[in-house]
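First comes the structure, then the notes that go with it.
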4 protein chains.
Amino acid sequence: MVITAAIAGASGYAGAEIARLLLAHPEVEIGALTASGNAGVRMGDLAPHLQPLADRILQPTDAQTLAGHDVVFLALPHGHSAAIAQQLPDDVTIIDCGADFRLDDEQDWTDYYDTPFAGTWPYGLPELVKAGGGKHRDDLVGARHVSVPGCYPTAVSLALAPGLAAGVIEPQDIVVVAASGTSGAGRSAKPHLIGAEVMGAMSPYGVGGGHRHTPEIRRNLSVAAGAYASVSFTPTLAPMPRGILATTTARVVPGTDAATVRAAWESAYADEPCVHLLPEGQWPHTGSVLGSNLVHIQVTLDERSGRVIAIAAEDNLTKGTAGAAVQSMNLALGLPETTGLPMTGVAP
Amino acid sequence: MVITAAIAGASGYAGAEIARLLLAHPEVEIGALTASGNAGVRMGDLAPHLQPLADRILQPTDAQTLAGHDVVFLALPHGHSAAIAQQLPDDVTIIDCGADFRLDDEQDWTDYYDTPFAGTWPYGLPELVKAGGGKHRDDLVGARHVSVPGCYPTAVSLALAPGLAAGVIEPQDIVVVAASGTSGAGRSAKPHLIGAEVMGAMSPYGVGGGHRHTPEIRRNLSVAAGAYASVSFTPTLAPMPRGILATTTARVVPGTDAATVRAAWESAYADEPCVHLLPEGQWPHTGSVLGSNLVHIQVTLDERSGRVIAIAAEDNLTKGTAGAAVQSMNLALGLPETTGLPMTGVAP
Amino acid sequence: MVITAAIAGASGYAGAEIARLLLAHPEVEIGALTASGNAGVRMGDLAPHLQPLADRILQPTDAQTLAGHDVVFLALPHGHSAAIAQQLPDDVTIIDCGADFRLDDEQDWTDYYDTPFAGTWPYGLPELVKAGGGKHRDDLVGARHVSVPGCYPTAVSLALAPGLAAGVIEPQDIVVVAASGTSGAGRSAKPHLIGAEVMGAMSPYGVGGGHRHTPEIRRNLSVAAGAYASVSFTPTLAPMPRGILATTTARVVPGTDAATVRAAWESAYADEPCVHLLPEGQWPHTGSVLGSNLVHIQVTLDERSGRVIAIAAEDNLTKGTAGAAVQSMNLALGLPETTGLPMTGVAP
Amino acid sequence: MVITAAIAGASGYAGAEIARLLLAHPEVEIGALTASGNAGVRMGDLAPHLQPLADRILQPTDAQTLAGHDVVFLALPHGHSAAIAQQLPDDVTIIDCGADFRLDDEQDWTDYYDTPFAGTWPYGLPELVKAGGGKHRDDLVGARHVSVPGCYPTAVSLALAPGLAAGVIEPQDIVVVAASGTSGAGRSAKPHLIGAEVMGAMSPYGVGGGHRHTPEIRRNLSVAAGAYASVSFTPTLAPMPRGILATTTARVVPGTDAATVRAAWESAYADEPCVHLLPEGQWPHTGSVLGSNLVHIQVTLDERSGRVIAIAAEDNLTKGTAGAAVQSMNLALGLPETTGLPMTGVAP
């Protein structure tokens, strides 16, 4: 049985990446590809890397066009998903790559976004542990609606959650600095994103808790810790198209040794197909996971500073967005979780 | 029936790329992975992007280790393939990614390489036209031995051959300038290849006909033209890991109009799954074919200068090496030609 | 005596680079900095690399603001320079970095630009040889008005002119392929110029003679040859912020040997402080001239193809634009030609 | 009076950068350029960007060659400086860019380096504040010997010291994550530094306190705080040739408001020519200080996490190494501090 899928926002980086993955998915047939400003444009003009879709014409993004598919992927600016979702038939599986349904605290939403709070959907990060056992995967099996995580929260949360859930690191004073490729800023042409500005240079942004992924990270880590997690999060822009390297640190719980620290991460990810704790001594490299649905993680205890450092590398567009979307769809529809997902990176 | 394949030279860029493609090939099971200096090393230490092979240990490169597979891919420095090939059983399909069997002129070999001439094998560029009709594909179906093209010759030959075979451009004064990502220089650490030297800069090398791909390009174009092709070839090193952009020009045959020029390329590639003539006005972009087995081509006639300019973009490691190897294997073994090959690029 | 200089268009890449060079010029004091859309903005917000100018406020670009300076640099979009120039007092030295006064053939101007032909000013490329002897420097000493060359024409013309003027290469079938850093496309935010699109990829544009620098290159080479020069020019966009690598080829005049070829270039540039013919065997590297007013050139004869290949590297913003502007100002005002100009690159 | 200066290690990145700066220094004449493995090589082959030195031949690094200059810059691997220094006449000013004389704690030296402890020289970071008032500048005026800081310690220490000295942030739990361009790893060809590995990717190294700059950072911050500073330091490798972006965080002293935080940094750097606190809201960008002797800093208080985040951008080779060396020489010799130093960046 073939699953039909529509993609709303197919001309953006997230939407096009979903299309790339679905083209390789053995059970899915791509239906409508929609856009707003780019409706009417030939897909090959906007995404020449998707050769098999080159002659498709982008349709307008509306419920009518999207209805009639088994699955609808929403890759829209925040604030647009709820209205579309309400108009779709009940039996359509909706995978939302926007922020609209990620937060569970209305105040957080109001503080960071400028639209009405839309609610909370199951969170599309299956591997993420919760305090007291269990993972978010449990909420995704058979779900009708899924909220795909933000790209930074995926890397940061997977890096730290095992230690919080196992009680080996403290949630009170977490510090995160992450570097992202510039595709994370989307496809719109802004002066500070043109090539001459970003090549050969690094710069921070949203410093001091201003980035919209901050409350999402805090939520995930609090759920993992079973207690309020305090997080200082600084994102930086790196001169590469794709990739996130998240360097996360937290104070070790006094008396915890290095072996206990490592054991927490090992047990969390021993059976995960998409999240790999690297062998001791090998550190993540964003290039190694480029284009893949994998996250590479390493962790160590710096006894002198009393901090655990956990570092995760992912591709912000694949596992950080579109791969998580397809992985969530697989779980929602009862398919094997990694069906159609790229399990190798494109390196060098 | 599962096909077993060994890769000799699996720790280099070409060998690792073959492994990446074979991991996604539905009919192939990867057998021995061998290396010379890296024998005994864990694959995950050298190629962490190939997660499913991470715990494999590289074996030494010798005939004994390679024998017993249906297919052996050789990704070795030039001069090593003939000796290995002689020691392998007759029923092993050998796909050689080195230069050893690419040339058909012993003098050319002697001029450009410093080892004895080993002979000529069917040339693994199925889409390449020949004068008088036919393509190299004809020689590959059922072949026991295949010689995979060099990365530059693939892009350059595919760009120009249709015009030569159709008689719309002249073979006497071809000029080619090509830019390649630095993975084309292989994985060995040389001072001029370290990141600080190559990032943010471009430089030529092998200027004046000195590059070893020059005679191979000349051979291909001569076969396409049915006459001796004179080629000025200048390769340049570009600040990117992968990708070749080949800008090729030739004098138009007097009296030929733009439509006739375009028709030559259209008819050559109309039915090719891996080589695409882009719609008029759209030019190739190496990023669009990154990681794929595709070549994007565009051609135009500059009436004022009397030259046809044809430009091709490819990924030097995929279609330029490993993809061509797997595509050739498919043809040699009678599988559908594009089985297991990536038909979309990883962009942006 | 201090020379006062105003810069019109100081918020663009060319204008800001002029400001960078003038800050290091011992005889010049920077006066008005003007802009159109950015008038009223603090310079530090637009060009934080120019620390000494950070607190300057950009003024509107009009004749009133620019008048009263000894020198006015115009770094404006084409079509704007003539009107401003007419309104400035006669004793103001005007250095125009736009295209408006570069061409001497009205038809060429009309074919490539969409504004009225404004005339021709002395051409700010002092080192460029002319047929019959002499260099453009002769026209610049004491000039009131100077037209600064385009960035591609500088590299291409300096690469080829010595051979044309000396009669060792033929002007009939010149082929040029050049790669430029993305700052050459200016500072405006266009979708195809955002970082994620340009990093890690190369692409051509303006293929088939469509680039506006084509007639300027043809003019320069014709002046050098004393005969009409036919040029096929293909520019490409390279993943680097700055730098042009121009690969130029021309048919050698039959019977000319390699030593004669080299002698032509040696004699043209033996005494030039800013243009260096590298020692035999060493090829230009754009990184080596980054931020400098230097051009590195190498030339060779490929006997087999019958073509001379000459390659030039420059920084498109420095020698390719702002450095040539300051060098021309020095000549116009009777200062030592290289006063204040950076004679070393910033490498690696 | 002309000052003569020799550079030991002139073929490495640090040594060549010193040469670049000295070429623009109005009071200095460059004398001997020495190397070990590269002795006898033409400078133009190794550093073609230093055109005025192209025909110089590198001499062997020994005391005899270096003696007879007013100033000797040592840009050698650690462990080599003490022996050379002992053999030089007493009246030679020695500026050491190696680590040998940076630390004041023999145990720290022994823990991180594998050679005998050589002692401690005045620390070449004039702008760095000390607890109780004063800056390291005080120790440099008229000094005979100077130890130039490491590239990371410069950025990190300048970012944090004002808050520690003013008592607005706590020294007990400092967390630093810094990204460096690959020139920071020096010029030796190592497999993980070749272009194809580093372009388009980020990776950490020396995680968990293992980087040799860790004790130097701890020392500087302890001197600033007047108390032991605990530091978690994670360096990462970024895909750019030059530049360091250091993101530093420390817990704010309870009860301190944002204005008091900012005032601490403002008063520390108000009169510094080379260290600039950017206007509120503007964050550092490594591209803006490329090639310059400037450090750009911004600081903010994240009230929710209780942490101050201070971020510094520098060019690791200029202010991070060679610029600090020349600035220190100026102070040591009684010249105006910024003589000959580049005070603008090369951007974009």
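The values are calculated or read from the model by the stated rules, or taken from the named source; none is laboratory data. Keep in mind that this is a model prediction, so the values were computed, not measured. Using ideal geometry, Cβ is built from the backbone for each residue, glycine included, and neighbour counts are taken over all protein chains shown. Please note that ligands, DNA and RNA were not included when accessible areas were found on the heavy atoms of the full protein model with its side chains. Shrake-Rupley method; radii C 1.70, N 1.55, O 1.52, S 1.80 Å.
Here are some notes:
- Chain B against chain C buries an accessible area of about 3500 Å², both chains summed, 1.4 Å probe radius.
- Label-to-label distances for D:Gly134 across copies, nearest first, come out at 6.2, 6.9, 8.9 nm, using points 7 Å from Cα in the beta-carbon direction.
- Label spacing, shortest first and in nm, from D:Asp62 to its equivalents in the remaining copies (7 angstrom along Cα→Cβ): 4.8, 7.3, 8.7
- Working from label points 7 Å from Cα in the Cα-to-Cβ sense, the A:Ala258 to A:Met1 distance is 5.3 nm.
- Three-way shape call for the stretch D:229-277 based on the alpha-carbon gyration tensor, with the a/c threshold at 1.5: oblate
- Centre separation in Å (Cα based) which lies between the stretch D:223-249 and the stretch C:36-114: 42 Å
- Springs between Cα atoms under 10 Å define the GNM used for chain D, and in it the highest mean-square fluctuation of D:Leu140, D:Leu237, D:Leu46 occurs at D:Leu46.
- Cα gyration tensor category, rounded, prolate or oblate, for the stretch C:62-184 with a/c compared to 1.5: prolate
- For the stretch C:218-235, accessible area lost to neighbouring protein chains reaches 50 Å² or more, against the chain alone with a 1.4 Å probe, at C:Ser232.
- Averaging 1/r over every pair of different alpha carbons in the protein assembly as shown and inverting the result gives a Kirkwood radius of 32.5 Å.
- Contact order normalised by residue count of the stretch B:152-314, Cα under 8 Å, 6+ apart, percent: 31 percent
- Chain-alone versus full-assembly comparison, the stretch A:161-198, residues with accessible loss of at least 40 Å² (1.4 Å probe): A:Asp173, A:Val175, A:Val177, A:Ala189, A:Ile194, A:Ala196, A:Glu197
- Solvent-accessible heavy-atom area per residue, rounded to whole Å², over the stretch D:152-314 at 1.4 Å: 25 Å²
- A Gaussian network model of chain A, with springs between Cα atoms under 10 Å, assigns the largest mean-square fluctuation among A:Ile311, A:Ile84, A:Ile169 to A:Ile84.
- Rounded percent of accessible protein surface that carbon and sulfur make up, the protein assembly as shown, 1.4 Å probe: 51 percent
- Taking every DSSP bridge with both residues inside the stretch C:1-152, close to 10 percent are antiparallel.
- Taking all protein chains as they are arranged and a probe of 1.4 Å, the heavy atoms of C:Tyr205 leave approximately 80 Å² accessible to solvent.
- Average Cα contact separation per residue, chain B, under 8 Å, 6 or more apart, as relative contact order %: 18 percent
- Beta bridges assigned by DSSP with both partners in the stretch C:152-314 are antiparallel in approximately 70 percent of cases.
- The largest accessible area among D:Met43, C:Met1 belongs to the first residue in C:Met1, D:Met43, and the rest follow in falling order (1.4 Å probe, all chains).
- Between amide H atoms placed 1.01 Å from N, distances below 5 Å from D:Asp100 occur with D:Gly79, all of them 5 or more places distant or on a separate chain.
- Per-copy distances of the C:Asp90 label point, shortest first, in nm (7 angstrom along Cα→Cβ): 7.1, 8.9, 9.7
- Among beta bridges that DSSP assigns inside the protein assembly as shown, antiparallel share in %, nearest 5: 50 percent
- Gyration tensor (alpha-carbon) shape descriptor, the stretch D:253-348, a/c threshold 1.5: prolate
- One quarter of the convex hull surface built on the alpha carbon atoms of the stretch B:152-314 amounts to 9.7 nm², the projected area averaged over directions.
- Within a Gaussian network of chain A (alpha carbon springs, distance under 10 Å), most fluctuating of A:Ala166, A:Ala310, A:Ala83: A:Ala83
- When B:Arg187, A:Arg137 are compared by accessible area of protein heavy atoms, the largest-first order is B:Arg187, A:Arg137, using a 1.4 Å probe.
- Exposed-site-free run, longest, chain D (rule: GluC sites (Glu not before Pro); DSSP loop; at most 12 other C-beta within 10 Å): D:1-279
- Average Cα contact separation per residue, the stretch D:160-235, under 8 Å, 6 or more apart, as relative contact order %: 53 percent
- Interface residues, the stretch A:47-63 - accessible area loss of 20 Å² or more versus chain alone, probe 1.4 Å: A:Pro48, A:His49, A:Gln51, A:Pro52
- Using alpha carbons only: equivalent-ellipsoid semi-axes of chain C, gyration tensor based, whole Å: 32, 21, 20
- Ordering C:Ala47, C:Leu333, C:Leu76 by the projection of their Cα atoms onto the charge dipole of chain C, which places +1 on the Cβ of Lys and Arg and -1 on the Cβ of Asp and Glu, puts C:Ala47 at the extreme positive end.
- Candidate lysines for bridging to A:Lys135, where Cα separation is under 26 Å - those fewer than 8 sequence places away on the same chain excluded: A:Lys319
- Nearest 10 degrees, 0 to 90: helix B:13-23 Cα axis against chain B principal axis: 80 degrees
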